[in-house]
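J.: Below: one structure in C-alpha cells.
What follows draws every value from the coordinates through simple rules; no lab data is involved. Quick caveat, the model's predicted, so the values are computed rather than measured. Heads up, the Cβs are rebuilt from the backbone with ideal geometry, glycines too, and the neighbour counts pull from every protein chain shown.
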Amino acid sequence: MPALRFDIITLFPEIFSGYLTQSLLHKAIEAGLVEIVVHDLREWSADTKHHKVDDRPYGGGPGMLIQVEPVIACVEAVQAMGPTPGQVVLLTPQGKPLGQRLVEQLSLHPRLILLCGRYEGFDHRVLEILQPMELSIGDYVLNGGEVAAMVVIDSTIRMVPGVLGDETSSHLDSFSRGNRLLEFPQYTRPREFRGWSVPDVLLNGNHEAIAAWRSAQSRQRTLMQRKDLLAAPTQDLPTIPPAVSGNDSPPAAPGTAPS
Ligand code: ADE
C-alpha cells in the first residue's frame with residue numbers, strides 16, 4: 001500500500017496529465033510510494049446530456065457556483081473507492097495558509113481528497129456538509145484549485161520516506177522540521193567562474209567548520225530576507241549535519257565577488 005494516496009476532484013483532469021508523468025512524482029508513483037487518482041467532477045452531474053455542475057448564485061451576483069449535489073455524490077463515491085477514508089481538503093483562497101508545518105501534518109494522513117474549485121467557488125452547503133480542511137497557497141486568486149492541488153502534492157510527497165534519494169535532504173530544506181530557517185547557499189564546480197569563487201571554507205574538508213559556516217549563512221540569510229521566521233519558536237532551530245565529502249567534492253556557500 002502506498003504511504004500516501006491522493007484523490008483529486010476537478011473539472012479539468014487533463015491539467016494533471018503532464019504533471020503526473022514527470023520527475024520525482026512519477027518516480028514515487030512508479031515505486032508505489034504515492035498513488036494519485038484523478039476524478040472528473042462532471043461524471044457525477046445529474047445532467048446526463050451536458051454534464052453541467054454549476055449554476056447562478058441565489059440573490060444575484062457575478063459568475064457561477066459549483067452545485068452541491070455533484071460534489072457530495074462525487075466525494076461519497078471517491079471515499080468508498082479507497083482502503084481508508086480520506087481527509088477532504090478544499091483548495092480556496094479563503095483557506096488556512098499552507099506552510100511547511102502544515103505540509104508536514106498533511107503528510108501524516110494516509111489519504112487526502114483534494115477538491116479543486118473553479119468559477120466563483122462552491123455552494124456553501126459543500127462546506128457545511130463535508131467540513132473539509134480549507135487550504136490556501138497564498139493571498140492571491142488563481143483560476144482554480146488545480147495549481148494549488150499540485151503545490152500540496154509536490155510539497156507533501158517530499159516528506160514521504162524514500163521519495164527523495166537522500167533521506168536527509170527534506171530536513172535540510174528551508175522551513176523544514178529540522179530547519180526553520182532559510183537554506184544556506186550551495187555551490188558546485190567550477191571553483192571559479194568569471195572571477196566569482198567558491199568560499200574557501202567549503203574546499204578544505206573541515207566538516208565542523210563547514211557546518212558552522214552553513215548555520216551562520218542560514219541565520220544571516222533569514223535575517224536579511226525573512227526576519228519574521230526568527231520570531232518563531234526556537235526549539236527546533238537548525239541541526240545541519242556535517243557534510244560527508246572529500247576535499248575536492250562540489251562545495252556549498254556564498255561566493256567571493258571578483259576583486
Ligand atoms: N483557488 C483559487 N485561488 C486559490 C489559492 N490562493 N489557494 C488555493 N486555492 C485557490
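J.: According to a simple spin-label model (label point 7 Å from Cα along Cα-to-Cβ), what is the distance in nm between Lys96 and Arg194?
T.: 4.5 nm
J.: Fewest Cβ neighbours within 10 Å first, please rank Arg189, Arg180, Arg194 accordingly.
T.: The most exposed by this proxy come first: Arg194, Arg189, Arg180.
J.: Turning to a different aspect of this structure: Kindly put Ile8, Ile129 in sequence by how many other C-beta atoms sit within 10 Å of each C-beta, fewest to most. Spell out each step's value before the answer.
T.: Values: Ile8 26, Ile129 14.
Final ranking by Cβ density, sparse to dense: Ile129, Ile8.
J.: Helix 68-81 versus the longest principal axis of the chain: what is the Cα-based angle in degrees, 0 to 90, to the nearest 10?
T.: Taking Cα atoms only, the helix is inclined about 60 degrees.
J.: Quick check: the angle from helix 207-225's long axis to the longest principal axis of the chain, C-alpha only, nearest 10 degrees?
T.: In the chain, helix 207-225 runs at an angle near 50 degrees to the longest axis.
J.: Can you tell me the dipole magnitude for the stretch 4-157 around its Cα centre, using point charges on the Cβ only (Lys, Arg +1; Asp, Glu -1), in Debye to the nearest 20? Let's see the in-between values first.
T.: Details: 11 positive and 19 negative charges, 31 e Å.
So the dipole magnitude of the stretch 4-157 works out to roughly 140 debye.
J.: Counting Lys and Arg as +1 and Asp and Glu as -1, each charge on the Cβ, what is the dipole of the chain about the Cα centre in debye, to the nearest 20?
T.: 700 debye
J.: For the pair Ala80/Asn204, report the inter-label distance in nm, with labels modelled 7 Å from Cα in the Cβ direction.
T.: Spacing of the two 7 Å Cα→Cβ label points: 6.8 nm.
J.: Sticking with this structure for a sec: Cross-link partners among lysines for Lys52, C-alpha distance below 30 Å, same-chain residues fewer than 8 apart left out?
T.: Straight-line reach from Lys52, under 30 Å: Lys96.
J.: Setting aside same-chain residues fewer than 8 positions from Lys27, which aspartates and glutamates have a Cα under 19 Å from its Cα?
T.: Partners found: Asp7, Glu35, Asp154, Asp166, Glu167.
J.: Moving on to the next point. If R0 is 30 Å, what FRET efficiency do you get for Ala212 and Glu35 from their C-beta distance, rounded to 0.05?
T.: On the way: r = 42 Å, r/R0 = 1.40.
Efficiency, from the Cβ-Cβ distance: 0.10.
J.: Sticking with this structure for a sec: Cα axis of helix 146-157 to longest principal axis of the chain: angle in degrees, 0 to 90, nearest 10?
T.: That works out to roughly 50 degrees.
J.: Round to the nearest 0.05 the FRET efficiency obtained for Gln22 and Asn143 when R0 = 22 Å and r is the Cβ-Cβ distance.
T.: Efficiency for this residue pair is about 0.55.
J.: Next question. Quick one: if the Förster radius is 51 Å, what FRET efficiency do Glu128 and Leu223 give, using the C-beta to C-beta distance and rounding to 0.05?
T.: Efficiency computed from Cβ-Cβ geometry: 0.70.
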